[in-house]
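A.B. asks: I am attaching a structure below and will ask some questions about it afterwards.
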Amino acid sequence: MTTFADRLQASIVSSKSSLVAGCDPVIEKLPSFLLDEAQRITNSDSEFIERALSQFGEIFLAAVTGKVAAIKPNIAFFEQYGLPGLNAFKRLCDSIRGARIPLIIDAKRGDIGSTAAAYSAAFISGVAIRGSRHVAFECDALTINPFLGFDTLEPFVADCEKYGKGLFILLQTSNPGAKDIQGLESKGKTVSGHIAEWLATNAQRLTGECGYSGLGAVVGASYPDEARALRDALPTTFFLMPGFGAQGAGADDATAGFATRDGIRGGAVVNVSRGLLEGVARSADDLQRVITANVERFNTQLSQAMG
């Protein structure tokens with residue numbers, strides 16, 4: 001069984017990309033050709049929702065396959081549409097895994113005891129159904145909220161050890177108010193500093209042969225100085241870096257938290273979501289070309305920033 005860290009590293013190498021394609025669909029913002037087709041061939045709101053999101057997911061996946069290190073659908077953008085949205089989410093996740101592209105589900109789960117275990121079961125470990133293991137939304141890695149305490153992380157980490165999965169723990173997020181809590185100081189360290197210390201202590205539990213740990217951290221590209229400091233504290237931790245593109249961070253900011261090993265920069269992946277959809281699309285082919293062109297543009301920017 002390979003570790004998530006090794007699968008992600010292998011994907012970075014094979015795709016020649018450190019980009020993560022974020023998938024955050026909002027139905028009213030989808031191209032009109034998708035909505036018109038869904039309207040024409042469906043008979044209910046539920047069917048319309050599932051058709052529009054599923055068709056978008058198919059085009060999205062075709063556009064990014066082989067060009068990105070991983071794909072990160074945010075479950076909230078599907079949950080907002082209820083069961084039809086979750087059906088489309090499930091279909092997309094299964095297709096991504098079928099294409100053997102690392103799947104990072106952005107769910108930011110975190111809770112105590114048996115609730116944490118139940119969340120982990122939904123995405124990582126599964127539940128026993130008639131003698132078989134059933135994972136509702138199986139992924140390669142999951143985003144996790146640590147702010148209820150480090151004990152709440154243990155069910156997720158233990159399941160990742162058992163099933164070769166990974167985690168990205170919220171450490172220094174990219175939103176403007178991130179420091180309201182993450183920047184508070186206690187015992188000579190910020191909250192982010194305490195989380196980083198815990199990550200450093202436990203990193204070896206999910207470390208792969210590549211030398212990086214799949215017990216990863218979400219580190220916003222909007223705070224490059226903090227990213228550099230956190231990299232010094234976490235030299236072998238995979239970083240997931242949001243904030244590039246539409247959120248205002250440039251390529252130099254987005255690569256500030258990359259590690260350098262044997263003269264090669266790595267140990268991080270950079271997420272782009274909204275920026276992938278910039279452009280006009282009047283057909284499925286148009287939309288695929290738009291997404292592909294944006295992926296190539298962001299890949300070029302990151303490559304140039306890394307030298």
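Throughout, read-outs are computed from the coordinates displayed, never taken from laboratory work. As the structure is a prediction and not an experimental result, all values here were calculated from the model. Virtual Cβ from ideal backbone geometry, glycine too; neighbours counted across all protein chains shown.
A.B. asks: So what's the angle, to the nearest 10 degrees on a 0 to 90 scale, between helix 82-98 and the longest Cα principal axis of the chain?
C.D. replies: It works out to around 70 degrees.
A.B. asks: I want to verify a result. In a Gaussian network model of the chain, Cα cutoff 10 Å, which of these has the top mean-square fluctuation: Glu58, Glu138, Glu209?
C.D. replies: Glu209
A.B. asks: Which one, Val127, Val290, Val218, has the greatest fluctuation when you compute a Gaussian network model over the chain with C-alpha springs under 10 angstrom?
C.D. replies: Looking only at Val127, Val290, Val218, the biggest GNM fluctuation is shown by Val127.
A.B. asks: Oh, and also: Spin-label point model (7 Å from Cα, Cβ direction): what's the Arg100 to Asp252 distance in nm?
C.D. replies: Taking the two extended label points, one gets 3.9 nm.
A.B. asks: To the nearest 10 degrees, how steep is helix 224-233 against the longest Cα principal axis of the chain, on a 0 to 90 scale?
C.D. replies: For helix 224-233, the angle is close to 50 degrees.
A.B. asks: Mean-square fluctuation check for the chain, GNM, Cα pairs under 10 Å: which of Gly131, Gly211, Gly220 is largest?
C.D. replies: Greatest mean-square fluctuation among the candidates belongs to Gly131.
A.B. asks: Quick one: Asp225, Asp159, fewest Cβ neighbours within 10 Å first, how do they rank?
C.D. replies: Final ranking by Cβ density, sparse to dense: Asp225, Asp159.
A.B. asks: Pop a pseudo-label 7 angstrom from the Cα along the beta-carbon direction at both Lys90 and Glu161 and give the gap in nm to one decimal.
C.D. replies: 3.2
A.B. asks: Report the extension gain between Asp36 and Leu83 in nm, rounded to one decimal, defined as 0.36 nm multiplied by the number of residues separating them, less their alpha carbon distance.
C.D. replies: The Asp36-Leu83 span can extend by a further 14.8 nm.
A.B. asks: Please arrange Phe239, Phe77 by how many other C-beta atoms lie within 10 Å of their C-beta, fewest to most.
C.D. replies: On the way: Phe239 26, Phe77 19.
Fewest to most other Cβ atoms nearby, the residues stand as Phe77, Phe239.
A.B. asks: Let me ask something else. According to the square roots a ≥ b ≥ c of the eigenvalues of the Cα gyration tensor, what is the shape class of region 1-143, taking rounded for a/c under 1.5, prolate for a/b larger than b/c otherwise, and oblate for the remainder?
C.D. replies: Here region 1-143 falls in the oblate category.
A.B. asks: Mind pulling the angle between the C-alpha long axis of helix 284-305 and the longest principal axis of the chain? Nearest 10 degrees, somewhere in 0 to 90.
C.D. replies: Taking Cα atoms only, the helix is inclined about 20 degrees.
A.B. asks: In addition: Going by C-beta contacts inside 10 Å, put Asp180, Asp24, Asp94 in order with the fewest on the left.
C.D. replies: Values: Asp180 9, Asp24 17, Asp94 13.
With the sparsest Cβ surroundings first, the list reads Asp180, Asp94, Asp24.
A.B. asks: What distance in nm lies between label points placed 7 Å from Cα along the C-beta direction at Ala76 and Ala233?
C.D. replies: Simple spin-label model gives 2.4 nm for this pair.
A.B. asks: Counting only DSSP beta bridges with both residues in the chain, tell me the antiparallel percent, nearest 5.
C.D. replies: 25
A.B. asks: Something else about it: What does the charge add up to near Ser125, with Lys and Arg as +1, Asp and Glu as -1, over the other residues with Cβ less than 11 Å from its Cβ?
C.D. replies: The answer is 0.
A.B. asks: Using helices alone, what [θ] at 222 nm do you get for the chain, with -39,500 (n - 2.57) per DSSP H run of 4 or more residues, divided over all residues and rounded to the nearest 500?
C.D. replies: It comes out at -13000 deg cm²/dmol, rounded to the nearest 500.
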